[in-house]
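The values are calculated or read from the model by the stated rules, or taken from the named source; none is laboratory data. Note that the structure is a prediction, hence the values are computed from the model and not measured. Counting neighbours? That spans all protein chains shown, and the Cβs are built from the backbone with ideal geometry, glycine included. When the accessible area is computed, the model is the full protein with side chains, heavy atoms only, and any ligands, DNA or RNA have been set aside. Shrake-Rupley method; radii C 1.70, N 1.55, O 1.52, S 1.80 Å.
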Amino acid sequence: MKKTILQKLYITLIFIFLYAPITTLIVLSFNASKTRAKWGGFTLKWYGALFQNRDILQALFNTLLIALIASVVSTIIGTVACIAIMSLKKRSRAIVMGVTNIPMLNAEIVTGISLMLLFISFGLRFGLGTILLSHITFCIPYVILSVMPRMRQMNPYTYEAALDLGAGPVYGFFKVVFPDILPGVLSGFLMAFTMSLDDFIITHFTKGAGVDTLSTKIYTEVKKGIKPEMYALSTIIFLTVLVLLLFINRVPAEKDLKK
Amino acid sequence: MNKKALLKKKLLGTPYFIWSAIFILVPLGMVFYYGLTDRTGSFTLENVLAISTPEHAKALGIALLLSLIATLICLLLAYPLAMILCGQKNGRQSFIVLIFILPMWMNFLLRTLAWQTLLEKTGVINSILNFLHLPSLNIINTPYAIVLGMVYNFLPFMVLPIYNALSKIDGNVINAARDLGANPIQVFMKITLPLSIPGIISGITMVFIPALTTFVISKLLGGSKILLIGNVIEEEFTQASNWHLGSGLSIVLMLFIIVNMLLTAIFDKDGEGSFL
Amino acid sequence: MKKLLCFVLLPVFGLSLLTGCGKSSAENGEVIVYNWGEYIDPETLSLFEEETGIKVVYDEYDTNETMYPKVEAGASAYDVICPSDYMIQKMIDNDLLAEINLDNIPNIKNIGQQYLEQSKEFDPENKYSVPYCFGTVGILYNKTMVSDPIDSWAVLWDEQYADNILMQDSVRDAFMVALKLNGYSMNTLNEAELQAAKNSLIEQKPLVQAYVIDQVRDKMIGDEAAIGVIYSGEAIYTQRENENLEYVIPKEGTNVWIDSWVIPKNAPNKENAEKFIDFMCRGDIALKNFEYITYSTPNTAAQELIEDEDIKNSKIAFPDFSQYENLETFQYLGSDGDALYNSLWKEVKSE
């Protein structure tokens, strides 16, 4: 069919657009020259060097740990908050949503410095904990922005019907509401995870000495040139996720078959 | 719905409300404090009014223009994409959606640097064009490269909410409309588009706002030759150490939350929604 | 949809298991070092830990200005920091630094006298800082892309190199170039001189390909531009990667900068900090660092240990300062001075 060919072509074009830089990074990880501007032949040495580098591996561990905890916590708080926001009156809802938008709108450096000042006034010790608090803060809005549209399209009466039929609020929520908003929750979770993974500036101002994430490592490396090990690590992360994705997709999901 | 249930629902929001009070409003208060005082700590409007100086006004103007263009391009690219994704079989859908978030797992700075490698005068794209004896592409260090960078980095933020909204539309409604004789254009204009507006609005917010405040993209792809309001604020904090002026200009940017809220209210005619 | 979750969680747990989390306890306490990114040979840190039993907690920053608020606010207490000249002066002015007890740093004898003299421009009695690296700012050019020999900042205003010029994207460095071109001091606060410099920069803007900081290196190596303003430490590195590149200190004079170790007032382990600084001043250690980061070392013992004659006699790494006039070091100009420079720079950038 003509239409599907057009569709495929369109997806392919966007696909190329999104993956051209990624391919570049992958190619750079095999570049024997230390600089990104010159091709010095094919090598695998950066992959070997990567696994010798305790600093990078520790940063990777921190990054993943922070991203995981921050995204789980912010998904829970955010989703629950959406339910509450839906039940608010129009005006108070507007205020809450306005506040929610603030962390996204503020220049990151403003958020970063003001959070730093806040933690100092609390007398908190800077370290993983302060990074987590700030990551949860800027992740929640992404969750709310993903869940709200789903929530709003949902028919409110199904939940009430469930309650009328004797379901408890928690049971009712998980049986009726949750399946409906699940795609929104998941995309919010993913978004939160990726945002946390990527953040540099806020992390920089809220981290303690000796605690590094990949982003803070990469930014300080810009001064002397990105180490090719970083390209190698990015490539590994990317391929791991891709392979997992392909693998999971091949295993036919029973749920889908039942449908 | 009875009042008790409503109250219970509201109570669910408590963790978030407390959280946002401490971690959003208090820091916001600090921004206002810095923005509305000078070095001696006395009240002044100078830092906010500084937006009207030619340099700042121009930086804001360019930032608005470029981020609006980038948002529009994102919308035009993302909408058909989201529709195509929704038309896929169930099992494939989530797979393809993930394919579009996957690039974000590579570090933002690395991705943007990679665009530099692609676009440069002696970069990958121009080497290919040269090889094919085609004229070279000279957009690095121009506004075009900045828009490209914005579209590239923020496109997923537009695709996801629209996809979410579209996949929520009941297929039966569309079938019913078809049965009643609506042509594809009518179906789109009367059903698909209106029902996806919440997603569009939230996509616009999620693209426009980061694009408006970005400074890394203009630095790396614009060669720092084009000053955006994000660059000005960032430099006030990092280079000039003038937190007062930086905060004052940030307050001006916050006016865009309000503009954003008003715009959303206009689109949100039936009053059932809020300011997404 | 559950599988989406698996998709995210699996790699996370997998990788966390791989990397693990190992923290060794130290016998003799720790020292918390805050340094520029990639500005030390990691091997020297391990050597220090082995020899002294002091654990090094290492942290990095990307600019003086992102370092400053963290130290000023006291978010984390650091023991040793490595800021640049004008920033050290600012920190002294704001009472953030502790005096270093030089009796605990016998190896300071290795630091060349001329560098300690130079340091007096920002640390008048050499009480607060011990030089770690130094360098100049100059012009890096590609021999195959320029026609005439280059010895002046004026080449950055030459129209035949339009769109082939890389300028520094930081206020003080950019103004340094323009002020020197016009024959003024780079620490001037004279309104008329600064206006002249600003006009020069505005005039130059159409010729500039990009304003960059760290990108000069990669862009010059990749033949993206013919001429760039660059730090001398980067010049040695770029020459290794692209032999057509040549570095020159312009005849109008330039900035001689110094990055020095300092100890903040609130340092929790001041003694260990002094041990660390002393260790870094050892000839063999300074040599290791020099070879790793290619920024010039003020350590004369290390300079003598260099085996490669080309590097040892390199005019880039160790220029004979007596041959040049109008060499200066940046000074902190106070918050009003900063504000003045910054507003002029904004006028240039928004042109």
Using alpha-carbon pairs under 8 Å, 6+ residues apart, how would you state the relative contact order of chain C in percent? 27 percent
On average, how much accessible surface per residue is there in the range C:184-234, in Å², for a 1.4 Å probe, leaving out ligands, DNA and RNA? 27 Å²
Mind checking the angle between helix A:2-28 and chain A's longest principal axis? C-alpha axes, 0 to 90 degrees, to the nearest 10. 50 degrees
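Let me know the shape class of chain B, please: from the alpha-carbon gyration tensor, a ≥ b ≥ c as square roots of the eigenvalues, rounded when a/c is under 1.5, otherwise prolate if a/b is greater than b/c, or oblate. Present the calculation step by step, with values, prior to reporting the outcome.
Values: a/c = 2.15, a/b = 1.12, b/c = 1.91.
Verdict is oblate for chain B.
Over all residues in A:81-94, what is the mean tally of Cβ atoms on other chains that come within 10 Å of each residue's Cβ? Mind dumping the intermediate values first?
On the way: counts 8, 3, 5, 10, 7, 7, 10, 5, 0, 7, 1, 2, 3, 6.
Across A:81-94, the average partner-chain Cβ count within 10 Å equals 5.
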Given N residues in chain A, what is its alpha carbon radius of gyration divided by 2.2 N^0.38 Å? 1.22
So what's the back-of-envelope 222 nm ellipticity for chain C, counting only DSSP H runs of four-plus at -39500 (n - 2.57) apiece and dividing by all residues, rounded to 500? -12500 deg cm²/dmol
Rounded to the nearest 10 Å², the accessible area of A:Val243 using a 1.4 Å probe with every protein chain kept is 90 Å²
How far is the Cα center of the range C:143-183 from the Cα center of the range C:275-351, in Å? 20 Å
Reach of C:Lys251 by Cα under 17 Å, taken over lysines that are not fewer than 8 positions away in the same chain: C:Lys180, C:Lys315
Heads up, I need the accessible area for A:Met116: 1.4 angstrom probe, whole protein in place, Å², nearest 10. 0 Å²
Whose amide H sits under 5 Å from the amide H of B:Gly13, counting only residues 5 or more places off or on another chain, with H placed in the peptide plane? A:Ala84
Please check: in the Gaussian network model of chain A (C-alpha springs, under 10 Å), which one of A:Ser92, A:Ser74, A:Ser146 has the largest mean-square fluctuation. A:Ser92
Determine the relative contact order of chain A: mean sequence separation of Cα pairs under 8 Å and six or more apart, normalised by residue count, in whole percent. 31 percent
Gaussian network model of chain C, springs between alpha carbon atoms under 10 Å - residue of C:Thr300, C:Thr66, C:Thr254 with greatest fluctuation: C:Thr66
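Take every residue in peptide B:199-206, count the Cβ atoms of other chains within 10 Å of its Cβ, and give the average of those counts. Mind dumping the intermediate values first?
Numbers: counts 7, 1, 2, 5, 2, 0, 6, 7.
That average works out to 4.
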Using only protein heavy atoms and a 1.4 Å probe, how much accessible area in total is buried between B and A, to the nearest 100 Å²? 9000 Å²
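Counting only protein chains, not ligands or nucleic acids, how are A:Lys8, A:Lys34, B:Lys10 ordered by accessible area (probe 1.4 Å), most first?
Details: A:Lys8 145, A:Lys34 110, B:Lys10 65 Å².
Result, largest first: A:Lys8, A:Lys34, B:Lys10.
Of C:Glu271, C:Glu117, B:Glu120, which has the most accessible area with a 1.4 Å probe, and how do the rest follow in descending order?
Working: C:Glu271 135, C:Glu117 95, B:Glu120 10 Å².
The ordering from most to least exposed comes out as C:Glu271, C:Glu117, B:Glu120.
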Angle in degrees between helix C:283-293 and the longest Cα principal axis of chain C, rounded to the nearest 10: 60 degrees
Amide H contacts of C:Ile111 (H built 1.01 Å from N, under 5 Å, at least 5 apart or other chain): C:Thr300
Mean-position separation - Cα centroids, the range C:35-73 and the range B:110-155, in angstrom: 36 Å
Using Cα pairs under 8 angstrom and six or more residues apart, how large is the relative contact order of chain B, in percent? 28 percent
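Determine the order of C:Lys180, C:Lys288 by accessible area, beginning with the largest, at a probe radius of 1.4 Å. Write out the running numbers ahead of the final one.
Numbers: C:Lys180 5, C:Lys288 65 Å².
Largest accessible area first, the residues go C:Lys288, C:Lys180.
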Round to the nearest 10 and give me the degree value, 0 to 90, for the angle of helix C:171-181's Cα axis relative to the longest principal axis of chain C. 40 degrees
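Considering only protein heavy atoms, what per residue accessible area in square angstrom results for the range B:103-181 with a 1.4 angstrom probe? Walk me through the numbers before you get to the answer.
On the way: 3140 Å² over 79 residues.
On a per-residue basis, 40 Å².
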For the range C:115-197, with all protein chains present and a 1.4 Å probe, just round the carbon and sulfur fraction of the accessible area to a whole percent. 47 percent
Percent accessible area from carbon and sulfur atoms, the range A:11-59, protein chains only, probe 1.4 Å: 69 percent
Given the options B:Ile162, B:Ile96, B:Ile62, which has the most mean-square fluctuation in a GNM of chain B, springs set between C-alpha atoms less than 10 angstrom apart? B:Ile96
Distance from a point 7 Å along Cα→Cβ of C:Asp95 to each backbone N in the range C:240-275: keep the residues under 14 Å and list them by number. C:265-266
For n ≥ 4 DSSP H runs only, could you compute -39500 (n - 2.57) per run for chain B, divide by its residues and tell me the 222 nm figure to the nearest 500? -22500 deg cm²/dmol
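Can you flag which of A:Lys207/A:Lys227; A:Lys217/C:Lys205; C:Lys90/C:Lys275; A:Lys89/B:Lys190; A:Lys34/B:Lys225; A:Lys207/C:Lys198 are past 31 Å Cα-Cα? It would help to have the intermediate numbers written out before the result.
Numbers: A:Lys207/A:Lys227 22 Å; A:Lys217/C:Lys205 33 Å; C:Lys90/C:Lys275 25 Å; A:Lys89/B:Lys190 28 Å; A:Lys34/B:Lys225 28 Å; A:Lys207/C:Lys198 38 Å.
Over 31 Å apart, Cα to Cα: A:Lys217/C:Lys205; A:Lys207/C:Lys198.
What average count of beta carbons from other chains do you get within 10 Å of the Cβ of residues in B:24-37?
Values: counts 13, 2, 6, 15, 7, 2, 7, 7, 0, 2, 4, 1, 0, 0.
Taking all residues of B:24-37 together, the mean is 5.
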Give the carbon-plus-sulfur fraction of the accessible surface of the range A:113-213 in %, rounded to a whole number; probe 1.4 Å, heavy atoms of protein chains only. 65 percent
If you average the alpha carbon positions of the range C:116-133 and of the range A:33-64, how far apart do those two centres end up, in angstrom? 37 Å
Could you sort C:274-280, C:196-202 so that the peptide with the highest average Cβ count within 10 Å comes first and the rest follow in order? C:274-280, C:196-202
